[in-house]
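The values are calculated or read from the model by the stated rules, or taken from the named source; none is laboratory data. For clarity, every value in this text was computed on a predicted model and none was experimentally measured. For neighbour counting, all protein chains shown are included, and Cβ atoms are generated from backbone atoms with ideal geometry for every residue, glycine included.
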Amino acid sequence: MTALAPTSIGVEPSGPRPRHITAGRIGIYAFLIIAALFFLLPLWVMVITSMKSMSEIRAGNIFALPMQPTLDYWVKAWSSACTGVSCNGLAPGFFNSLKITALSVPVSIVIAMINGYALSFWRFRGSELLFGILVFGAFVPFQVLIYPIIFALSRVGLFGTLPGIVIVHTIFGMPILTLLFRNFFASLPSELFKAARVDGAGFWRIFFWVMLPMSVPIAIVAVILQVTGIWNDFLFGLVFAGRENLPMTVQLNNIVRTSTGTVEYGTNMAATVLTGAVPLIVYFVSGKWFVRGIAAGAVKG
Amino acid sequence: MATSVEIKDLSLNYGSVKVLDRLNLDIAEGEFIVLLGPSGCGKSTLLNCIAGLLDVSDGQIHISGKNVTWEEPKDRGIGMVFQSYALYPQMTVEKNLSFGLRVARMPKAEIDSRVKRASEILQIEPLLNRKPVELSGGQRQRVAIGRALVRDVDVFLFDEPLSNLDAKLRNDLRVEIKRLHARLKNTMIYVTHDQIEAMTLADRIAIMKNGVIQQLADPHTIYNKPVNLFVAGFIGSPSMNFIKGDLQGATLSVDGQANIPLANYQFANQTNGASILGIRPEHILVGEDARKMPVQLESEIEIVEPMGADTVAWTKIAGQSLTFRAAAEVHLEPGQKVLIGFDPGRGSVFNVESGNRI
């Protein structure tokens, strides 16, 4: 046994280790703060620009605070900006996006959850192959599928309708969501499933009474993924939703590109922030769950 | 006694891998059978087949006189207890116990009385409103047993129920399971790799290897008259001493250095040739006691392991390692020359080629 070496400050170690603020630590925090500010900068510029008058914007000092803050552009972006020929602002787009998201998210998640459950616990001949094909679907570029889907949907009269866009979102969400749920269910002990079978529960009862109550955390992750994904979608909305159901992203594009004389930067900025607000809020509120779910999906293959 | 579980020519293959190979097993009503073997021997697979959680490739399973080979688990009259407890985490203990009964749409009054009875037997009444996360390992396993109990079944299946518990709790619950069996008198089939559990609980032990039952007998017979080298080596700790030699008549010659006369040994099927004498460490005596034994040998102690209750010593005879168990009071130390002796009548002789007892 050797005696404990005294530390540089001449005290024998005992109790909790004293905390030191080192130069390295200060450096790390300084870097993190600067990085955060850097990434916040565009949002800052957008918000303040949306509150400036055109003359102030033309002055070119993009970081300066507005002299006379105004919310006129926000009101205009929401209710009276022109998208092509109609001048109703973003509001119709917002409600269209809301409809598409509110329908697509539950439909896709319920189907993916049942898929994942069946593929983990009710293995059948070819179930691994089916799962492989499903996951492979995640790597197929969207572009190659657009024309076949247009063709198929128009054959059944769903092209350019709300059910049509919901079906498209459900199909394209399937690979990643099934993977997420299958991996989650595969991480649950199989003995739990066996015990429920000995207790006489069947496919649906095990799903609703045993598995569903346990899968709340992963379901929240799936909701976040789908809400942000579907809200941010531009391509499918443009192609499949039809004139009546164009989502907010498509209408934002139309507002920004519709030029009647001068480019109204204030309106464009306000419209962009409004469109981005929903996923932004979702991330803020659910950051913890989101990270947890990504980790859960990644660990087990 | 009537037959409770009857397994006829049961086979299970995964592709070309034979996990169970034409296995036959008759279990009497009220019997406590332990399936014992190393991991991968097919014992859990057999239990899952009996429970109906795995489809068999061939053969039949009868429970309480009914052919249940194609029946669902719930229709087989079995209750099962799992190693990981497998309690439903979102349900309280009471809901866990009553889940199977609620699935079967049993009247509420009947469910209550059964849950009450099971929780009394297992002394888990104060826990009924708790969730599984709020329970200790031992309490969880009690609830898991309770879940099998409320179903009022003929046959209980245990899949290594004590393996996740610490040593002390394992002993306590082992005794409790034995008490439960004495009280309920159900047929119980218990899978374990722990030989102590097997020896203490079983009416009969089925020792398995590679999907085949090697020996099915009461613990005493398994311990004292193992049918082959595998069973002999698997049961007992420290394990049985194996002395290799050449058998001619009733004398085993060990490398020409020592001749051991196998006096008192009852040959069932005497075969000359390369043989192994198996003798348990506790059947080898040392010092004065050794002088009364038919076989006596001089040897030198190599290592001494005091266990508290007794002492295990390692030595060599004719170049082959040998352990023996001595009383704790006997003074032994490495390098010491001692006289050891044993009665071959208590040992087992195996033919090397077949591995079987002769």
Across the range B:144-167, the tally of residues that are in a helix (DSSP H, G or I) and either at pLDDT below 90 or hydrophobic (A, V, I, L, M, F, W, C) (or both) stands at 5
State whether one or more residues within the range B:123-144 are in contact with a Gly (Cβ under 8 Å, 6 or more places away or on another chain), more than 23 Å from B:Cys49 (Cα to Cα) and hydrophobic (A, V, I, L, M, F, W, C). yes
* To do: State yes or no: is B:Thr315 crowded, with 20+ Cβ neighbours inside 10 Å, over 29 Å from B:Ile205 (Cβ atoms) and free of Cβ contacts under 8 Å to residues at least 40 places away in the same chain?
  => yes
Of the residues in the range A:278-301 that are modelled with pLDDT of 85 or more and surrounded by 13 or more Cβ atoms within 10 Å (Cβ to Cβ), the one that is nearest to the chain's Cα centre (by Cα) is A:Pro279
Among residues of the range B:122-133 being part of a helix (DSSP H, G or I) and surrounded by 17 or more Cβ atoms within 10 Å (Cβ to Cβ), the residue nearest to the other protein chains (Cβ to nearest Cβ) is B:Pro132
Listed by range, strands (runs of 3 or more DSSP E) wholly within the range B:1-99 having at least 1 residues that are among the aliphatic types (A, V, I, L, M) and within 11 Å of another protein chain (Cβ to nearest Cβ) are B:78-81
Given (1) under 23 Å from A:Ser286 (Cα atoms); (2) within 13 Å of chain B (Cβ to nearest Cβ); (3) in contact (Cβ under 8 Å) with a residue 40 or more places away in the chain, A:Pro213 misses just (3)
Filtering the range A:199-231 for residues that are among the aromatic types (Phe, Trp, Tyr) and touching a Phe, Trp or Tyr at 6+ places or on another chain (Cβ under 9 Å) leaves a count of 3
Of the residues in the range A:192-204, those that are touching a residue at least 40 places away in the same chain (Cβ under 8 Å) and either crowded, with 20+ Cβ neighbours inside 10 Å or closer than 16 Å to B:Leu157 by Cβ (or both) come to A:Phe193
Among helices (runs of 4 or more DSSP H) entirely within the range A:48-123, at least 3 residues that are polar (S, T, N, Q) and out of contact with any strand residue (DSSP E or B) (no Cβ under 7 Å at 6 or more places or on another chain) occur in A:91-121
Checked the range B:1-58 for anything β-branched (Val, Ile, Thr) and surrounded by 16 or more Cβ atoms within 10 Å (Cβ to Cβ); matches are B:Val5, B:Ile7, B:Val19, B:Ile27, B:Ile33, B:Val34, B:Thr45, B:Ile50, B:Val56
When every residue in the range B:100-113 that is among the aliphatic types (A, V, I, L, M) and within 14 Å of chain A (Cβ to nearest Cβ) is compared, the one nearest to the chain's Cα centre (by Cα) is B:Leu101
Checked A:Ile230, A:Ile224 against criteria (surrounded by 17 or more Cβ atoms within 10 Å (Cβ to Cβ), at pLDDT 85 or above and in contact with a His (Cβ under 8 Å, 6 or more places away or on another chain)); the one match is A:Ile230
(request) State whether the residues of the range A:2-17 include one that is part of a helix (DSSP H, G or I), more than 29 Å from the chain's Cα centre (by Cα) and either small (Gly, Ala, Ser) or closer than 21 Å to A:Val273 by Cβ (or both). (result) no
For this session: Test B:Ala167 against the stated conditions and say whether it is buried (at least 23 other Cβ atoms within 10 Å of the Cβ) and either more than 14 Å from every other protein chain (Cβ to nearest Cβ) or within 28 Å of B:Glu110 (Cβ to Cβ) (or both).
Result: no
Being modelled with pLDDT under 85, under 27 Å from the mean Cα position of the chain (by Cα) and aliphatic (A, V, I, L, M) narrows A:Ala36, A:Ala81 down to just A:Ala81
ask   = Looking at this structure, is A:Gly237 over 26 Å from A:Trp44 (Cβ atoms), of a type outside the set (Val, Ile, Thr) and not in a helix (DSSP H, G or I)?
value = no
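For every residue, the table says whether it meets (1) touching a residue at least 60 places away in the same chain (Cβ under 8 Å); (2) within 14 Å of chain B (Cβ to nearest Cβ).
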site	(1), (2)
A:Arg155	no, no
A:Gly160	yes, no
A:Ser190	yes, yes
A:Ile206	yes, yes
A:Ala222	yes, no
A:Leu225	yes, no
When A:Asn183 is run through (1) away from chain B (no Cβ under 14 Å); (2) touching a Ser or Thr at 6+ places or on another chain (Cβ under 8 Å); (3) surrounded by fewer than 20 Cβ atoms within 10 Å (Cβ to Cβ), the failure sits at (2)
- Is there a residue being within 24 Å of B:Ile222 (Cβ to Cβ), in contact (Cβ under 8 Å) with a residue 12 or more places away in the chain and outside any strand (DSSP E or B) anywhere in the range B:291-306? no
In the range B:240-251, anything surrounded by fewer than 15 Cβ atoms within 10 Å (Cβ to Cβ) and not in a strand (DSSP E or B) is listed as B:Gly249
Verdict on A:Arg243 being out of contact with any strand residue (DSSP E or B) (no Cβ under 6 Å at 6 or more places or on another chain), more than 14 Å from chain B (Cβ to nearest Cβ) and surrounded by fewer than 19 Cβ atoms within 10 Å (Cβ to Cβ): yes
Among (1) over 25 Å from B:Val19 (Cβ atoms); (2) in a helix (DSSP H, G or I); (3) basic (Lys, Arg); (4) within 14 Å of chain A (Cβ to nearest Cβ), B:Lys116 falls short only on (4)
